[in-house]
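The values are calculated or read from the model by the stated rules, or taken from the named source; none is laboratory data. Please read these numbers as outputs of a predicted model, since none were measured by experiment. Please note: Cβ atoms are built from the backbone with ideal geometry, for glycine as well, and neighbour counts cover all protein chains shown.
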Amino acid sequence: MIKNEITRQGNVLFRYRSFFPFLLLPLAFYYLYRFGLSEHMSDIMEHHYFYFCFAVSFIGLAVRGFTVGCVPNNTSGRNTKQQKADVLNTTGMYSIVRHPLYLANYIMFAGFLMAFESLSFFLIGTLLFFFYYERIAAAEENFLVGKFGEPYSVWANKTPAFFPRFSGWVKANQSLSWRKILRKEGPGFLLICTYFLTFDLIEDIVFEHEAWDEVLLDDLGLISIFVIGLVTYAVLKVTRKKTDLLDISSL
């Protein structure tokens, strides 16, 4: 059956979803090599647009943080081995959309795509994202309906899968936990910082042939943000492994 095949594919893709952006790398390099970046914007406009894309990705990270910070343990998270849900989330972000983390991932990804200044690349990336995550969502929903039965079906029937229905907002049962956010979303912060710095360095060095001293001066802001992201990630990782400050088992 097609439904079973889609679910099987979704379970496989679920384990490797963190690597999805890398699938677009060959196409990304082709677009940069073949078309470069748009020349319709002035340097000042392009600078502001680049940081706008940067902000879009951070909005996605903020949505992720708000989602995971208000849910019980062993539900929404970055687990990759198998589907996991001790309880059914229906409040907070889950009261307006069934897959808030996938929505957040798309917002982050959209910022990455927009940086290319190409509508066709944006549309191709968006279609691939939905094709990939549609299968993951189908597998997740199959797991949840099998575990929670009628309560899940009732909630799912009134809650959109991906496009939020803000009128359905219900306050989260749990208060926002910064420990959960810091424990789980550090990698996302570093990923965004790394991506935009790398993208800008490639543009400056490969396409604009700037000297290193010019690059360091032009990209000082991004380099500073990247260093902050790297230090933050390292501190959070050490804190999580060596102390109990980010322990969430009691929450």
Go through 232, 198, 194, 239 for me and flag whichever is at pLDDT 85 or above and over 19 Å from residue 54 (Cβ atoms).
239
Return the pair list, or none, for Cβ contacts closer than 7 Å from residues in the range 133-156 that are free of Cβ contacts under 8 Å to residues at least 24 places away in the same chain and under 30 Å from residue 21 (Cβ atoms) to residues that are part of a helix (DSSP H, G or I) and among the aromatic types (Phe, Trp, Tyr), at least 6 apart or on different chains.
145/152
Taking residue 60 as the residue in question, decide whether it is modelled with pLDDT of 75 or more, within 22 Å of residue 162 (Cβ to Cβ) and outside the structural domain of residue 204 (by TED's automatic domain parsing).
yes
Wholly within the range 98-205, helices (runs of 4 or more DSSP H) carrying at least 2 residues that are among the polar types (S, T, N, Q) and either touching a Pro at 6+ places or on another chain (Cβ under 7 Å) or outside the structural domain of residue 55 (by TED's automatic domain parsing) (or both)
178-202
Could you list all residues from the range 217-251 that are in a helix (DSSP H, G or I) and hydroxyl-bearing (Ser, Thr, Tyr)?
224, 232, 233, 239
Determine whether the range 161-175 contains at least one residue that is exposed (fewer than 14 other Cβ atoms within 10 Å of the Cβ) and either among the hydroxyl-bearing types (Ser, Thr, Tyr) or free of Cβ contacts under 8 Å to residues at least 60 places away in the same chain (or both).
yes
Only one of (1) closer than 30 Å to residue 46 by Cα; (2) assigned by TED's automatic domain parsing to the domain that holds residue 115 does not apply to residue 232, and that is (2)
Would you check if there is a residue in the range 159-170 being more than 14 Å from the chain's Cα centre (by Cα), among the hydrophobic types (A, V, I, L, M, F, W, C) and farther than 24 Å from residue 72 by Cα?
no
Every pair of residues 6+ apart whose Cβ atoms lie under 7 Å, when the first sits in the range 183-212 and is without any contact (Cβ under 8 Å) to a residue 12 or more places away in the chain while the second is β-branched (Val, Ile, Thr)
205/215
Starting from residues that are among the hydroxyl-bearing types (Ser, Thr, Tyr) and over 25 Å from residue 30 (Cβ atoms), keep the ones in the range 98-154 and report whichever is modelled with the highest pLDDT.
102
Hey, does the range 28-43 have a residue that's within 25 Å of residue 101 (Cα to Cα), modelled with pLDDT of 80 or more and in a helix (DSSP H, G or I)?
yes
